[in-house]
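Inspection log for the structure reproduced underneath, given as structure tokens.
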Amino acid sequence: MERYNLIVVGAGPAGLSAAIEAARHGMSVRVFDENARPGGQLFKQIHKFFGSKEHKAKIRGFNIGEELLKEASDAGVQVKLDATVIGIFENKEVTVSHDGAVHHYKADSVIIATGAAENMVPFEGWTLPGVIGAGAAQTLMNLHGIKPGKKILMLGSGNVGLVVSFQLLQAGCEVVALVDAAPRIGGYGVHAAKVARTGVPFYLGYTIQKVEGTEKVEGVVIGKVDDKFKIIPGTEIRFDADTVCVAVGLSPMSQLLKMTGCTMEDNPRRGGQVPIVDEYGETSVPCLFAAGDVSGIEEASSAMIKGRMAGLRAAYKLGFTEESQMLSSEGEYAKDLDSLRQGMFAPGNRGKAIEKTDEGIPISQNLLTKGFVSDDEIERFPGVTRKKGIHPVIECTQNIPCNPCQDACRKHCIKIGSCITALPSVAGDVECTGCGMCVASCSGQAIFLVQEDYEPGFASITLPYEFLPLPQKGDKGTALSRSGQPLCEAEIVGVRTSPAFDHTNLLTMKVPNNFAMTARFYKGGKR
């Protein structure tokens, strides 16, 4: 029987982070993962992360995955793939199925980082081919280069539903509607806004009545729900669609933890059946830890920090690090984790209707119910300014933990401050150079460069663009509003790409001057 100081179950962001931290302190570490590729969900995630530099903000998920794999290799972590952990017994004995046999391993400490599984909801036709989880759609697109379908309806407006909807559009699919039974958008407003301005309609307070078809999805009927989430007769709307993506939340995969006999609880705020853990992720069983979504659903940035904390605490409890060093590092990790848990999307605010930002500004109700900030609401936010010359317009209207725009601006035009959930503002006494780094660095694609006096009668708007084919200078098309409605003719007067932009292209379009503060997307072709 092979023996290790630490066995980690799961090679996702939390598991790899825990393994790296423990190995750096001299522990022998073995990681098991049932998949053929390590990295968990990271390699599906082509969007840029939120947070700060310490949280790998503005780095795309798959690049973070590559960084973690290199760190793990450099630290001497042994990763075994296609290996399913089927049991954990007394004295930290772990049984693993791999290479056609069941193998036994022994550890002094075990960290469970098995992540979470997608939830599903039953409705008429939900077992038809073409009804899939949003994570499955990401796997098809981002790992295998396969379109999940041509015309897709998304059920769920949390961050997963919003992010995957945008990625479906990037893959060339048509998203016919984004539907959610809840009366308000569940995810970040910037994610909703970037979907809405492409023209995808939002149906909040609606759910799927039935999926049509005999051998595959051929159409979807939705209906408006009452206060008991029952469909109101006569409110049905039908969509032509060949695919339904379901993004209605995640549930922790805590089966192995239940097997250990550690104390569990049913906690809806943490996603369901989860272990009771201390601030370091240790369960009621000594030297048995839980890290990442298996201990409570959060963003991947939080999972990585919780993994580091569990790995560090395991190293300390087994005598691989001094108490002073452990306390110093844990203090830094706790500070980073706390910064990610601030703002209106903090775990403690789940289910609450937040009416004002931390600055006391009324939340855009249009954003919550329709997916975009209305024209009469947008200028109440500090990042939305009018001034002569080129200048940033920051349509970030919620207290999200994110500050790459502040770091990106060498002239310090953009200010957030020490609290990364504060709304960004534009300094009035600093001249913008128009470099575009703030536009490219914004993880929510919520920053635009506006020059209202570009030429007589016309303004220019520089916007982030991550679609193919990339328009060329001189192309003429249509400028769309924040709601995705056609506004006016637009001409592309500049296209910028750079390694520093990390695949976010900058399009500059010329529009009539009166559309400078309303045009926010470009669509090729005539109106």
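Remarks
- Accessible area per residue for the range 381-512 is 40 Å², calculated with a 1.4 Å probe on protein heavy atoms, without ligands, DNA or RNA.
- Value of relative contact order over the range 107-176, rounded to a whole percent, pairs C-alpha under 8 Å and six or more apart: 26
- Within-14-Å neighbourhood charge of SER52 [Cβ basis; K, R +1; D, E -1]: 0
- The chain shape via C-alpha gyration tensor axes, a/c threshold 1.5: prolate
- Percentage relative contact order, the range 218-372, counting C-alpha pairs under 8 Å, at least six apart: 12
- Net charge contributed by nearby residues that have their C-beta within less than 14 Å of THR385 (K/R +1, D/E -1): 0
- Contact order for the chain, expressed relative to its length and based on alpha carbon pairs under 8 Å spaced 6+ residues apart, stands at 14 percent.
- Cα centroid separation, the range 285-336 to the range 399-417 (Å): 29
- You can think of it this way: the chain between GLU218 and ASP99 has 38.7 nm of extra reach, that is 0.36 nm per residue less the Cα-Cα gap.
- Taking all protein chains into account, the per residue accessible area for the range 146-192 stands at 28 Å² (1.4 Å probe).
- Per residue, the range 289-347 exposes an accessible area of 38 Å² to a 1.4 Å probe, with every protein chain left in place.
- With K and R counted +1 and D and E -1, the other residues having a Cβ less than 12 Å from that of ALA83 yield a net charge of -2.
- Maximal additional length on extending the PHE501-LYS356 stretch stands at 48.9 nm, based on 0.36 nm per residue less the C-alpha distance.
- Loop-resident sites, the range 384-452, for GluC sites (Glu not before Pro), counting at most 16 other Cβ within 10 Å (DSSP): GLU431
- By average C-beta atoms within 10 angstrom, highest first, the peptides 385-391, 129-135, 7-13, 268-274: 7-13, 129-135, 268-274, 385-391
- MRE, 222 nm, helices only [DSSP H, n ≥ 4, -39500 (n - 2.57), over the chain, to nearest 500]: -6000 deg cm²/dmol
- Contour minus Cα-Cα distance for LYS70 and ILE237 (0.36 nm per residue): 55.2 nm
- Of the beta bridges in the chain, as assigned by DSSP with both residues counted there, near 65 percent are antiparallel.
- Shape of the range 338-429, Cα gyration tensor, a/c cut at 1.5: oblate
- Sulfur and carbon atoms: percent of accessible area, the chain [1.4 Å]: 50
- Sites GLU489 and ASN267, calculated FRET efficiency, Cβ-Cβ separation with R0 51 Å, nearest 0.05: 0.40
- With an a/c value under 1.5 for the gyration tensor axes a ≥ b ≥ c computed over the alpha-carbon atoms, the range 195-256 is described as rounded.
The values are calculated or read from the model by the stated rules, or taken from the named source; none is laboratory data. Since this is a predicted model, take the numbers as computed values, not measurements. We place every Cβ from the backbone using ideal geometry, glycine too, and count neighbours over all the protein chains shown. Just the protein is used for accessible areas: all its heavy atoms, side chains included, with ligands, DNA and RNA removed. Shrake-Rupley method; radii C 1.70, N 1.55, O 1.52, S 1.80 Å.
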